[in-house]
1. Over all distinct Cα pairs, what is the inverse of the mean 1/r for the range 28-163, reported as the Kirkwood hydrodynamic radius in Å?
2. Output the peptides 130-136, 200-206 sorted from most to least packed, where packing is the average of other Cβ atoms within 10 Å over each peptide's residues.
3. Please arrange 86, 43 by how many other C-beta atoms lie within 10 Å of their C-beta, fewest to most.
4. Between residue 139 and residue 48, how high is the FRET efficiency from 1/(1 + (r/R0)^6) when r is the Cβ-Cβ distance and R₀ = 41 Å? Nearest 0.05.
5. Could you work out the relative contact order of the range 9-251? I mean the mean sequence separation of Cα pairs under 8 Å and 6+ apart, divided by the number of residues, in percent.
6. Using the Cα gyration tensor of the chain, with a ≥ b ≥ c the square roots of its eigenvalues, what is the shape: rounded (a/c below 1.5), prolate (a/b larger than b/c) or oblate (neither)?
7. Rounded to the nearest 0.05, what FRET efficiency do residue 205 and residue 21 have when you use their Cβ-Cβ distance and R0 = 35 Å?
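Laboratory data are not the source of any read-out in this text; all were calculated from the coordinates shown. Predicted model only: the values in this text are computed from it and were never measured. Cβ coordinates were reconstructed from backbone atoms using ideal geometry, including for glycine residues, and neighbour counts include every protein chain displayed.
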């Protein structure tokens, strides 16, 4: 396919899935991409328990390592938390912040997401900032307004194409098998692009905007063809090498 705009990124979010046995899928992904001339970046974001071991598996490959969440402070008395600096030390080049599961399940506000993205920048890794509307908000015609507000209030000062990725994930499409139409995705991504340019100036045109929400090999090409869709944030389909590779193929 002809690549337009920023270099695409296909990132796999394993969520709270995976043990040492799961590393075989990562080895298969690395093997399938060996000697392939990639026209996109590829990243895997495993649970924190696998970061170090996955770093070893991915050594010498073009696949990048990412974290799934971080605390806004660099260190401190926060039992069970992990800082962006720790993620960088473990080999991560990015971290997902503000995923809808964090926003809804853990009460994370735009202000919290902004502080976590700022922490990622402080540590020298990219922030993959997730935004997206609920089904109720979409039915009420509020999707663009909701996403625009989340973008505006979650994007910290100092954000740039070099340290920030936006992931649009309609909450109602995550893990449900439901997906918005290409026109619906295109409308939201166009709005996000406009918001990025308004906030960041010309550099906003180079920030990667990923689509996420029940992405699979069968629908990935349709999403990849939409203007201002610069890759995918993949959930369940990233746990199986054959499915993840099928999505990556939409961008190579």
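1. Working: mean 1/r = 0.0621 Å⁻¹.
Value: 16.1 Å, from the Cα pair sum.
2. Details: 130-136: 21.0, 200-206: 14.7.
Result, highest mean first: 130-136, 200-206.
3. Ordered by Cβ neighbours within 10 Å, fewest first: 86, 43.
4. Working: r = 36 Å, r/R0 = 0.88.
So the FRET efficiency works out to roughly 0.70.
5. Details: 480 pairs, mean separation 48.6, N = 243.
Relative CO of the range 9-251 lands at 20 percent.
6. On the way: a/c = 1.44, a/b = 1.10, b/c = 1.31.
Verdict is rounded for the chain.
7. Values: r = 43 Å, r/R0 = 1.21.
Using R0 = 35 Å, I get an efficiency of 0.25.
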